[in-house]
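Every number in this text was worked out from the coordinates using simple rules, so none of it is lab data. From a predicted model like this one, the values you see are computed outputs, not experimental measurements. Quick reminder, even Gly has a Cβ in these numbers, built from the backbone with ideal geometry, and neighbours come from all protein chains shown.
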Amino acid sequence: MRSAIKTKLRITWIILQFNKASKLETKRQQFIRLLGQRAQNEGCTQVANNLNIYRFNRPTPRTHGIFTASICVVAQGAKMLELSGENYRYDPDNFVIASLDVPIIGEVVEASPQKPFLCLKMEFDPSMIASVCVEAGILSARSESSVKSVALGRLSDELLDAFLRLATLFGQKDDYRMISPLVTREIIYRLLKSDQGQRIRQLANFGEQTHRITRAVQYLQQKYKEPLRIENLAGQVNMSISSFHEHFKTTTSMSPLQFQKLLRLQEARRLLLTEQFDAGSAGISVGYDDPSQFSREYKRLFGVSPREDIGRHKKFA
């Protein structure tokens, strides 16, 4: 008798799991269809001011850029991000989230014309996050320690449901205007209640140290061409040099000097490849006084010298 009951319960459990997996697959296929319909061309398709769909029909080379404070949810395919030697792979099971703008290297690693890489990126609005925190009674202590600005998270059924509902509004102007703010607030709320809560709260600027690091990052993005004196930057955000170094590296996974160097070299590469600058002019434009140092650091980051990079770009353009 007991054996028969156990067998029946086991069969019931298997059926429930099968139904759950079937429903999840149906949702994922709907998500793929909605993103694919909206983004039919390769590259970035803007849906709204803070929403973009990325589509690639084949794997891409490693590309340097700035990863903004946002969440990226993949419908199909996979992509790798590298930040200071750490790799983050995100796919339909795992999203990637960032609480600060950081320089990264990215490459699409799974994509084909039959199954293109499809990803929805939602940039965060700190004021909305703060509002949701207050309404939900989720407030961080001012002494909350810093956490890394980039991380992976498991895409839950509830979070997928919310993004799917958001995607169904694309192309429906009135419905999107009225309903998307509510769905966006739900997404933020679910993230705040998840393992990513502390990281999301960084954006609301409740943590005093995090707010100071955010100000420092913003300063570096605006003043990356200027000589960097750590003691001056630490003083601007009212932190000791040692504390500033510690919190900055914990949050961004790199030192302030490394952060500035990446910003300089990424901008120099843009000038070389899209603005037709020569190597010397590009280096000077981003703050390098020594052309040989610029060339060495450029090659160390991109794998080729500035002149070689220009020649390679022209060859494949």
Between Lys173 and Arg229, with labels modelled 7 Å along Cα→Cβ, what's the label distance in nm to one decimal, could you check?
5.4
For region 259-316, count all C-alpha to C-alpha pairs, find those more than 17 Å apart, and express that count as a whole percent of the total.
24
Partner aspartates and glutamates whose C-alpha sits under 19 Å from that of Lys249, ignoring same-chain residues fewer than 8 away, are Glu82, Glu86, Asp101, Glu144, Glu208, Glu231
Given the -39500 (n - 2.57) contribution per DSSP H run of 4+ residues, what per-residue ellipticity at 222 nm results for the chain, rounded to the nearest 500 deg cm²/dmol?
-17500 deg cm²/dmol
For Ser156, Ser242, what's the fewest-to-most ordering of other Cβ within 10 Å of each Cβ?
Ser242, Ser156
What does the charge dipole of region 158-317 about its Cα centre add up to, to the nearest 20 debye, if the Cβ of each Lys and Arg holds +1 and the Cβ of each Asp and Glu holds -1?
200
Trypsin sites (Lys or Arg not before Pro) restricted to region 144-246 and DSSP loop, no more than 16 other C-beta within 10 Å
Lys193, Lys225, Arg229
Mind pulling the per residue volume of the convex hull built on the Cα atoms of region 43-203? Å³ is fine.
112
Quick one, which of (i) 132; (ii) 181; (iii) 146 is the actual volume of the Cα convex hull per residue in Å³ calculated for this model?
(ii)
